[in-house]
1. Over the chain, give the accessible area per residue in Å² for a 1.4 Å probe, as an integer.
2. Give, rounded to the nearest 20 debye, the magnitude of the charge dipole that the chain has about its Cα centre when Lys and Arg contribute +1 at Cβ and Asp and Glu contribute -1 at Cβ.
3. With 16 Å as the cut-off, how large is the P(r) tail for region 5-92, expressed as percent of Cα-Cα pairs?
4. With the full set of protein chains in place, find how many percent of the accessible area of the chain is carbon and sulfur; take the probe as 1.4 Å.
5. Once R0 is set to 22 Å, what does the formula 1/(1 + (r/R0)^6) return for the Cβ-Cβ distance between residue 121 and residue 41, expressed as a FRET efficiency to the nearest 0.05?
6. For a quick size check, give me the Cα extents of the chain along its three principal axes, largest first, whole Å.
7. Could you give the length gained on full extension between residue 67 and residue 49, defined as 0.36 nm per residue of separation minus the Cα-Cα distance, in nm?
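The values are calculated or read from the model by the stated rules, or taken from the named source; none is laboratory data. Not measured: the values here are computed from a predicted model. Positions of Cβ are generated from backbone atoms using ideal geometry, with glycine treated the same way; all protein chains shown enter the neighbour counts. The protein model used for the area step is the full one, side chains on, heavy atoms only, and it has no ligands, DNA or RNA in it. Shrake-Rupley method; radii C 1.70, N 1.55, O 1.52, S 1.80 Å.
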Amino acid sequence: APATLITNPLVLRNPDNPALASATATTSNYVPGQDHLAMPASGSIGNITASFNTTTGVLTLSSAGNTATLAQFQAALRSVTYANSSDNPTAGNRTINYSVNDGSTSSNTLSSTMTVVAVNDAPVISGTTAGSYTENAAATVINNALVLSDLDNTTLASATVTISNYVAGQDILAMPAS
């Protein structure tokens, strides 16, 4: 799924300094290998760069020389996105905590909640083959190249095999006991 914008109404204020040094967006219930925070590049963020730590789930925004303005950090934090790269994600809420620092003092923390909803991906069947059957011959395997996959399940509940142009009294589908 595409990345989702986390928060847009975020507002920054710093009465004693027009610039900030850094900011963080921390996923408090981070799931490694699934959750990802990012800051897309934008012309309105000045010299702010982003670095995501895949071990801790922390996105760090920094400004070279601590020169990015409040407005630039605000735009950068407003653009932070969340994505989950798993086909079988851990469902539930992720709390994203924002904080900024002016080089000497950290701000209060603002929290946003993202809800991860798992979607049941449909199984996929592939490996189509064509064969032939001679009248009164022994039963013939129809497709020994068939491949099944399911991104979010290791088991299947059932499978169905049908003959689209079935002739009653002549066609028989069977699966030998194994």
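1. Numbers: 11630 Å² over 178 residues.
In whole numbers, the chain has 65 Å² accessible per residue.
2. Details: 3 positive and 9 negative charges, 127 e Å.
Roughly 600 debye for the chain.
3. Working: 2068 of 3828 pairs.
Within region 5-92, distances greater than 16 Å cover 54 percent of Cα pairs.
4. Working: 6280 of 11630 Å².
Of all accessible area on the chain, carbon and sulfur atoms account for 54 percent.
5. Working: r = 31 Å, r/R0 = 1.41.
My answer for the efficiency is 0.10.
6. Principal-axis extents of the chain (Cα, largest first): 92, 28, 26 Å.
7. Working: separation 18, 0.36 × 18 = 6.48 nm, distance 1.21 nm.
Extra length available between residue 67 and residue 49 comes to 5.3 nm.
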